[in-house]
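Each remark here refers to the structure printed beneath this line.
What follows draws every value from the coordinates through simple rules; no lab data is involved. Computed from a prediction, not measured in an experiment: that's the story for all the values here. Neighbour counts run over all protein chains shown; Cβ positions are idealised from the backbone, glycine included.
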Amino acid sequence: MATSGRLVITATINGDERTFLADSRDSLLEALRERLNLKGVKEGCNNGNCGACAVILDGHLVNSCCVMAAEIEGSRVETVEGLAGPEALHPLQQCFLEGAALQCGICTPGFLMSAKALLAENPAPTDEEVRFWLAGNLCRCTGYDKIIEAVQAAAEQMRARK
Amino acid sequence: MQALRYARATSIDEAVRMLREGGETARVLAGGTDVIVQARERRRVIDLFVDIKHIPEVMALEYDPQHGLRVGAAVPLYRVYGDANVQRVYPALRAAAHVIGGKAIQGRASLGGNLSNASPAADSIPAMMALDGVAEIAGPNGRREMRVDEFCTGPGRNALQPGEFIVALRFPQPAPHSGQAWERFIPRNEMDIAVVNAACALTLAGDTVTAARVTIGAVAPTTIMVPAAVEALVGRRLTDDTIAAAGTAAKDAATPIDDMRGTVRQRKHLADVLVQRVVRAAAERARGN
Ligand SMILES: Cc1cc2nc3c(=O)[nH]c(=O)nc-3n(C[C@H](O)[C@H](O)[C@H](O)COP(=O)(O)OP(=O)(O)OC[C@H]3O[C@@H](n4cnc5c(N)ncnc54)[C@H](O)[C@@H]3O)c2cc1C
Ligand code: FES
Ligand code: FES
């Protein structure tokens with residue numbers, strides 16, 4: 001039945017099963033940041049337009065400000081905190097750093113998760129496909145070109161590894 | 001955000017009961033890409049979300065050449081445009097679903113939500129109307145059906161009664177030698193609200209149009225059918241003149257407003273141009289079918 005106020009939510013977050021308390025009015029963005037301390041998930045617009053809060057939910061890209069925390073019961077959520085391996089950064093992270101694909105960095109976690117979802121579906125995208133896919137992520141600093149280049153560099157590395 | 005309860009329905013009857021008990025301040029939660037922001041910005045008084053995404057029928061997508069296409073109301077858009085049958089048989093629907101929001105919106109947003117939200121600029125509605133879509137509705141008095149072209153009653157308003165919700169949207173199998181197309185105009189390449197959108201479905205016998213449906217959006221309080229454009233096409237050979245007449249009919253039918261996205265003059269012009277384009281594109285496909 002309907003639950004209000006405090007909720008107990010169990011979900012798999014970056015591979016670990018977590019049980020945590022949230023409020024029934026929390027968005028997924030608020031729950032990740034405030035209840036689970038995953039501050040890599042950023043709030044830009046809080047209305048679905050900027051992509052700073054993008055995470056991967058059950059394998060698909062979503063804006064966490066447009067999902068209720070209560071909806072993720074039993075689901076799998078991936079955030080930027082789960083991207084790097086134990087030894088090294090993820091190729092996307094490494095290429096963003098080396099290619100100067102960030103300045104202030106507020107948009108970066110969203111771009112990384114969005115790009116990860118893209119490369120999972122399309123390991124060899126054209127530049128145009130990268131731009132179309134990333135259209136839901138806004139960046140006020142870089143002018144986008146370096147981001148596109150970094151995604152392509154990472155895609156190439158990831159293809160070479162397979 | 002306002003105090004808000006969340007309920008997960010696992011069957012149609014349960015959802016109807018929850019919506020009825022919740023009264024006026026209960027809302028269906030499908031993809032949430034409209035309604036969560038509306039609740040947060042207090043544009044609507046909402047105190048209960050009824051999540052319908054765990055009802056199997058609402059999440060199913062089925063096609064067969066006899067019965068056509070049936071899309072569960074909350075099926076996310078990436079599944080709609082990613083479906084091979086939708087791509088092949090319903091390209092107008094595929095085109096609209098593919099450009100609503102960005103990828104993160106398409107991971108959640110649904111046709112049922114786009115329709116129920118009843119924005120005058122909603123992108124899937126012109127396509128669903130041109131394809132002769134029907135909404136299957138469940139409510140306290142059982143099931144009923146309503147044509148998509150009768151569903152929206154004004155900006156943000158629809159014909160659902162208290163306790164009712166859309167279970168699925170159904171589209172008939174197109175007749176042989178039919179084609180369809182959808183277009184919108186936005187100043188950016190992606191991620192923007194339509195200044196005008198339009199769709200057309202038509203059937204040809206040789207070069208003569210035997211049936212047509214023409215729709216335009218963002219030019220009136222709701223998406224509209226353009227019967228005068230249909231009249232300009234049906235029974236006639238598809239020449240530049242007939243196509244131009246259909247465009248002019250759309251321009252005359254449009255009653256847009258001036259706003260930050262466009263002026264009356266620009267929108268009327270766009271209605272003309274987009275209708276000509278969708279008629280041409282639909283005819284092109286009809287010749288190939
Ligand atoms: C960044 C951004 C970009 C967008 N771009 C576009 C765009 O390009 N084109 C466009 O048309 N829209 C766009 N939208 C709006 C929105 O994404 C769409 O309208 C979407 O299809 C809504 O579907 P949803 O499943 O998320 O609906 P929800 O938000 O879950 O619901 C919307 C409304 O419909 C009701 N509802 C939902 N499902 C049902 C049902 N089955 N029965 C009865 N009532 C129901 C809800 O109670 C609510 O009132 C955009 C939104 C954002 C945030
Ligand atoms: S904060 Fe969620 S899209 Fe901007
Ligand atoms: S690096 Fe500043 S917004 Fe993108």
Plugging the Cβ-Cβ distance of A:GLU128 and B:GLN173 into 1/(1 + (r/R0)^6) at R0 = 41 Å yields, to the nearest 0.05, a FRET efficiency of 0.75
Nearest 10 degrees is fine. How inclined is helix B:12-22 to the longest principal axis of chain B, computing both from alpha carbons? 70
Report, ordered by chain and residue number, the lysines lying within cross-link reach of A:LYS162, taken as a straight Cα distance under 27 Å and ignoring same-chain residues fewer than 8 apart. A:LYS116, A:LYS146, B:LYS103
Hey, what did chain B get for relative contact order, percent, Cα under 8 Å, at least 6 apart? 16
By average C-beta atoms within 10 angstrom, highest first, the peptides A:82-89, B:131-138: B:131-138, A:82-89
For the stretch B:79-85, take each phi angle, set θ = phi - 60°, evaluate the Karplus expression 6.51 cos²θ - 1.76 cosθ + 1.60, and give the result in whole Hz per residue in order, putting x for glycine and proline. 6, 5, 6, x, 7, 4, 5
Chain B - mean residue ellipticity at 222 nm from DSSP helices (-39,500 (n - 2.57) per run, n ≥ 4, rounded to 500): -10000 deg cm²/dmol
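Count, for each residue of B:29-36, the Cβ atoms from other chains sitting within 10 Å of its Cβ, then give me the mean as a whole number.
5
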Hey, rough spin-label estimate for B:ARG236 and A:ARG35, points 7 angstrom out along Cα→Cβ, what's it come to in nanometres? 6.0
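Work out the FRET efficiency for B:ASN141 and B:ARG88 from their Cβ-Cβ distance, taking R0 = 51 Å, and round it to the nearest 0.05.
Efficiency at R0 = 51 Å is approximately 0.85.
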Among B:149-161, A:24-36, what's the highest-first ranking by average C-beta atoms within 10 angstrom per residue? A:24-36, B:149-161
Provide, for q = 0.12 Å⁻¹, the log10 of I(q)/I(0) from a solvent-free Debye sum over equal Cα point scatterers in the stretch B:132-273. -0.58
Residues whose built amide H sits under 5 Å from the amide H of B:ILE193, excluding neighbours closer than 5 in sequence, are none
With r as the distance between the Cβ atoms of B:THR153 and B:ARG265 and R0 = 41 Å, compute the FRET efficiency 1/(1 + (r/R0)^6) and round to 0.05. 0.90
Any helix of chain A counts here only if DSSP assigns it H throughout, its Cα atoms span 18 Å or more along the axis, and its mean Kyte-Doolittle hydropathy is at least -0.5, and such helices are A:108-121, A:145-161
Just checking the output field for A:63-75: average partner chain Cβ neighbours within 10 Å of each residue's Cβ? 6
If you count the DSSP beta bridges with both ends in chain A, what percent of them are antiparallel, to the nearest 5? 90
